[in-house]
Amino acid sequence: MRQRLLYLCKFFLITVMLFIMAKIAFMLLDHEGHAFTVSDMFDVIWHGLSLDLSTALYILIIPFLVTLVSLWWDGKVLTKILRAYYILLAIILMLAFVADTSLYPFWGFKLDSTCLQYFDSPAEMRASVSGFYMTARLLIIIAGSVLIYQLYKRIPLWRKSPAYRQGATAGSLLLIPLFIIGIRGGLDESTTNVGQVYFSQNQFLNHAAVNPVFSFFSSFEKTSFYVPDYEFMSEDECHEVMDGLYFTHSISPDTLLRTQRPNIVVILMESCGGIFTEDIGHRKDIMPQFNQLTKEGIYFSNFYANSYRTDRGTLCTWSGYPSFPRSSVMKMPAKVRFMPGIAKSLQGAGYQSWYLYGGDINFTNMRSYLVTIGFEDLYWKKDYSQEDQSTAKWGVRDDITFATLRDYLKEQAPADSSDTRAPVLAGYSTLSSHEPWDVPTHRLNDEVLNAFNYLDGCIGNFIREMKQTPLWENLLVILLPDHGFSYLGVEEDHPEHDHVPMLWLGGAVKEPRRIEQICNQTDLPATLLGQLGIGHDDYPFSRDIMSKGYTYPFAVHTYNNGITMRDSTGFAIFDLNANRTILDESSDGEALLKKGKAILQTAAKHLKDMK
């Protein structure tokens with residue numbers, strides 16, 4: 001019995017030590033933009049230990065069962081089972097460690113089941129990184145797996161069965177309650193969860209403390225197809241908090257346009273956070289042409305993204321529907337069929353609609369969503385030549401797709417009132433300002449900033465070309481990002497992370513203006529339709545910010561594990577993993593976050609009730 005206990009203790013300790021080493025590697029390799037001290041590293045290890053111990057106990061179950069069986073049967077097959085388990089475990093641990101460390105700079109949150117969506121579209125996974133990047137990590141996984149396997153294999157096994165098998169068995173069975181208590185994290189009502197290791201106002205330190213293996217497997221309870229109830233308060237209290245936050249009709253909206261039936265182009269600029277612009281990020285060199293254009297059109301200076309991923313942000317923009325921390329509505333065809341959409345709303349006004357994307361339009365169920373919300377024609381990567389398709393890792397680079405957009409407008413959009421063709425709505429998602437930042441220009445040394453500088457050049461060229469055509473007089477071009485971007489310390493917990501630009505340009509614009517009200521990406525449908533004199537009652541979470549009824553400006557945002565809110569009182573963040581406020585820069589943060597919780601609770605119930 002003693003030999004078996006020693007074996008289990010050594011196995012358990014090796015597993016915990018591997019988790020601690022992985023934390024140190026995570027902090028050292030992903031340190032860019034995240035300042036920390038040696039003391040912080042010890043804090044991360046200490047606070048993350050409870051989750052490491054619980055996860056190690058999960059992993060110890062198989063060796064424990066093998067030792068229990070070995071009390072009665074000394075067959076060699078048990079050793080083979082352990083060896084096979086070592087191999088499987090070594091591979092799983094290295095996959096988790098490498099994936100967690102590699103994905104964090106891109107995503108800004110710990111490893112979870114989100115990464116599995118790329119297995120449905122491996123081309124998109126390969127497009128984000130270079131072949132060398134993938135090969136290097138594969139070699140690290142192989143080498144690390146061999147090393148971990150050898151560590152486990154060298155643990156001495158028991159030599160024979162004990163003389164008193166019944167007593168040894170009874171003693172072993174007494175360990176089971178300890179396993180259960182350790183795995184669930186004690187005897188309290190709350191069980192082991194990711195949030196229990198959060199200890200700092202610095203989210204990087206909190207994330208470093210989280211065990212990636214536990215984070216990955218626990219996230220399957222909250223997949224992108226699942227919507228939690230988010231029961232923060234009673235239904236009556238939730239209704240009371242929600243009263244007056246949203247309205248579904250326009251009241252004498254302030255007029256921004258010269259016409260109610262312009263040709264409309266909505267361009268979703270991939271990852272284009274406001275930090276890359278002059279007005280928000282105080283950078284004149286990255287997007288100089290966009291900066292100049294903000295003075296020529298209607299610029300929304302306090303506009304905020306609702307989400308952190310393209311599939312979420314696209315749906316927020318076109319359907320005016322809120323985002324969820326872990327759930328992707330775009331991937332829920334049963335719910336998408338009930339979604340409103342700008343294209344669908346404009347069909348009744350006689351518009352023809354078309355969508356352009358240089359990548360794989362099947363990724364994250366994008367094709368199904370766009371068709372369902374009313375887009376009649378789609379133009380995507382497969383519609384281009386093989387030469388064009390290979391111009392960027394993700395598909396067709398932006399200067400080529402911008403040219404496609406220009407040509408479509410010249411061919412399909414009516415130039416004036418004498419043209420009897422239907423007005424057009426063109427949607428367009430850019431893609432070049434995305435990892436691996438492979439753009440044809442090299443004006444800036446930083447590859448990320450250079451990619452956004454390239455996007456800026458494409459935008460500037462497109463606008464100049466359209467100004468030279470008769471189409472400009474009746475054209476409305478709306479530029480906004482799909483989401484913000486984490487870059488050099490501007491993470492999800494930074495007040496400017498989701499502060500993004502929205503700009504309306506074109507001859508259809510009445511006059512240049514600067515709109516200062518705080519507003520959300522989801523407010524585009526109601527605001528646009530309000531300008532066109534079209535009802536928007538079917539957009540329950542979209543507000544016409546130019547309406548006289550828009551009396552309480554606020555913006556809500558959800559990310560992988562939390563919700564942020566802002567209004568005139570300030571900014572605050574509630575972390576769902578830690579189940580507590582992690583940042584409060586508001587004069588009344590409690591009331592502000594209560595509104596955010598009510599919105600999330602109401603939206604989740606609304607989505608669940610769709611049928």
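Restricting attention to the stretch 262-284, which residues are surrounded by fewer than 19 Cβ atoms within 10 Å (Cβ to Cβ), touching a helix residue (DSSP H, G or I) at 6+ places or on another chain (Cβ under 8 Å) and either under 20 Å from VAL424 (Cα atoms) or not β-branched (Val, Ile, Thr) (or both)?
GLU278, ASP279, GLY281, ARG283, LYS284
Here are HIS606, HIS536: which of them is more than 19 Å from the chain's Cα centre (by Cα) and crowded, with 21+ Cβ neighbours inside 10 Å?
After applying the criteria, what remains is HIS536.
Which residue pairs have Cβ atoms under 7 Å apart, sit 6 or more places apart or on different chains, and have a first residue in the stretch 428-442 that is closer than 14 Å to TYR487 by Cα and in contact (Cβ under 8 Å) with a residue 24 or more places away in the chain and a second that is among the aromatic types (Phe, Trp, Tyr) and open to solvent by 30 Å² or more (accessible area, probe 1.4 Å)?
GLU435/PHE106
Anything in the stretch 79-97 that is without any contact (Cβ under 8 Å) to a residue 12 or more places away in the chain and either closer than 28 Å to SER215 by Cβ or of a type in the set (Asp, Glu) (or both)? List them, or say none.
Passing the criteria: ALA84, LEU88.
Would you mind stating whether ALA591 is aliphatic (A, V, I, L, M) and without any contact (Cβ under 8 Å) to a residue 24 or more places away in the chain?
Answer is yes for this residue.
If you check LEU471, LEU503, which single one turns out to be touching a helix residue (DSSP H, G or I) at 6+ places or on another chain (Cβ under 8 Å), among the hydrophobic types (A, V, I, L, M, F, W, C) and in a helix (DSSP H, G or I)?
LEU471
Please count how many residues of the stretch 60-101 are within 33 Å of the chain's Cα centre (by Cα) and acidic (Asp, Glu).
Total satisfying the criteria: 1.
Scan (1) part of a helix (DSSP H, G or I); (2) open to solvent by 60 Å² or more (accessible area, probe 1.4 Å); (3) of a type outside the set (Phe, Trp, Tyr) for the single condition HIS31 breaks and write down its number.
(1)
So which helices (runs of 4 or more DSSP H) are wholly in the stretch 340-459 and hold at least 1 residues that are modelled with pLDDT of 95 or more?
Those helices (runs of 4 or more DSSP H) span 342-347, 386-389, 398-412.
Tally time: how many residues in the stretch 539-583 are at pLDDT 95 or above, part of a loop (DSSP other than H, G, I, E, B) and buried (at least 17 other Cβ atoms within 10 Å of the Cβ)?
Qualifying residue count for the region: 12.
If you check LEU444 against the conditions, is it closer than 18 Å to PRO288 by Cα, touching a helix residue (DSSP H, G or I) at 6+ places or on another chain (Cβ under 8 Å) and surrounded by fewer than 16 Cβ atoms within 10 Å (Cβ to Cβ)?
yes
One residue is enough: does the stretch 228-237 have a residue meeting the conditions assigned to a loop (DSSP other than H, G, I, E, B) and of a type in the set (Asp, Glu)?
So far as the stretch 228-237 goes, yes, one or more of its residues are assigned to a loop (DSSP other than H, G, I, E, B) and of a type in the set (Asp, Glu).
Name the pairs whose Cβ atoms lie under 8 Å apart, with the first residue in the stretch 340-360 and open to solvent by 20 Å² or more (accessible area, probe 1.4 Å) and among the acidic types (Asp, Glu), the second modelled with pLDDT under 95 and assigned to a strand (DSSP E or B), and 6 or more positions between them or separate chains?
ASP360/GLY395
Pairs please, first residue from the stretch 544-560 and acidic (Asp, Glu), second anywhere and open to solvent by 10 Å² or more (accessible area, probe 1.4 Å) and in a loop (DSSP other than H, G, I, E, B), Cβ atoms under 9 Å, 6+ apart in sequence or on different chains.
ASP544/PHE247; ASP544/HIS249; ASP544/SER250; ASP544/ILE251; ASP544/PRO253; ASP544/TYR550
Could you grab the pairs with beta carbons closer than 9 Å, sequence gap of 6+ or different chains, first residue in the stretch 228-257 and more than 17 Å from ARG543 (Cα to Cα) and open to solvent by 50 Å² or more (accessible area, probe 1.4 Å), second one outside any loop (DSSP other than H, G, I, E, B) and hydroxyl-bearing (Ser, Thr, Tyr)?
HIS239/THR602
If VAL98 meets every condition in (1) at pLDDT 80 or above; (2) open to solvent by 40 Å² or more (accessible area, probe 1.4 Å); (3) under 20 Å from MET27 (Cβ atoms) apart from one, which number is that one?
Every listed condition holds for VAL98 apart from (2).
Mind telling me which of the residues VAL194, VAL213 ends up being closer than 29 Å to GLY108 by Cβ, of a type in the set (Val, Ile, Thr) and at pLDDT 85 or above?
Exactly one of VAL194, VAL213 is closer than 29 Å to GLY108 by Cβ, of a type in the set (Val, Ile, Thr) and at pLDDT 85 or above, namely VAL213.
With the requirement that a residue be out of contact with any Gly (no Cβ under 8 Å at 6 or more places or on another chain), open to solvent by 40 Å² or more (accessible area, probe 1.4 Å), in a helix (DSSP H, G or I) and touching a residue at least 60 places away in the same chain (Cβ under 8 Å), what does the stretch 50-78 give you?
TYR58, ILE61
Any residue in the stretch 126-155 that is open to solvent by 30 Å² or more (accessible area, probe 1.4 Å) and polar (S, T, N, Q) sitting within a Cβ distance under 8 Å of a residue that is assigned to a loop (DSSP other than H, G, I, E, B) and modelled with pLDDT of 85 or more? List the pairs, counting only those 6 or more apart or interchain.
SER130/PRO436
Every residue in the stretch 362-416 that is within 30 Å of GLU473 (Cβ to Cβ), open to solvent by less than 40 Å² (accessible area, probe 1.4 Å) and charged (D, E, K, R), please.
Answer for the stretch 362-416, where residues must be within 30 Å of GLU473 (Cβ to Cβ), open to solvent by less than 40 Å² (accessible area, probe 1.4 Å) and charged (D, E, K, R): just ASP398.
Could you grab me the full set of residues in the stretch 145-158 that are part of a helix (DSSP H, G or I) and either of a type in the set (S, T, N, Q) or touching a Phe, Trp or Tyr at 6+ places or on another chain (Cβ under 7 Å) (or both)?
If the condition is that a residue be part of a helix (DSSP H, G or I) and either of a type in the set (S, T, N, Q) or touching a Phe, Trp or Tyr at 6+ places or on another chain (Cβ under 7 Å) (or both), then SER145, TYR149, GLN150, TYR152, LYS153 are the ones that fit.
Being free of Cβ contacts under 8 Å to residues at least 24 places away in the same chain and in contact with a Phe, Trp or Tyr (Cβ under 9 Å, 6 or more places away or on another chain) is the filter; apply it to the stretch 447-489 and report the residue that is most open to solvent (accessible area, probe 1.4 Å).
Going through the qualifying residues, I end up with GLU447.
I'd like to verify a number: residues in the stretch 1-50 that are modelled with pLDDT under 90 and of a type in the set (Ser, Thr, Tyr), how many?
1
The values are calculated or read from the model by the stated rules, or taken from the named source; none is laboratory data. What you see is a predicted model, and the numbers here were worked out from it, not measured in a lab. Every residue, glycine as well, gets a Cβ built from its backbone with ideal geometry; the counts of neighbours run over all protein chains shown. Keep in mind that these areas ignore ligands, DNA and RNA; they rest on the heavy atoms of the full protein, side chains included. Shrake-Rupley method; radii C 1.70, N 1.55, O 1.52, S 1.80 Å.
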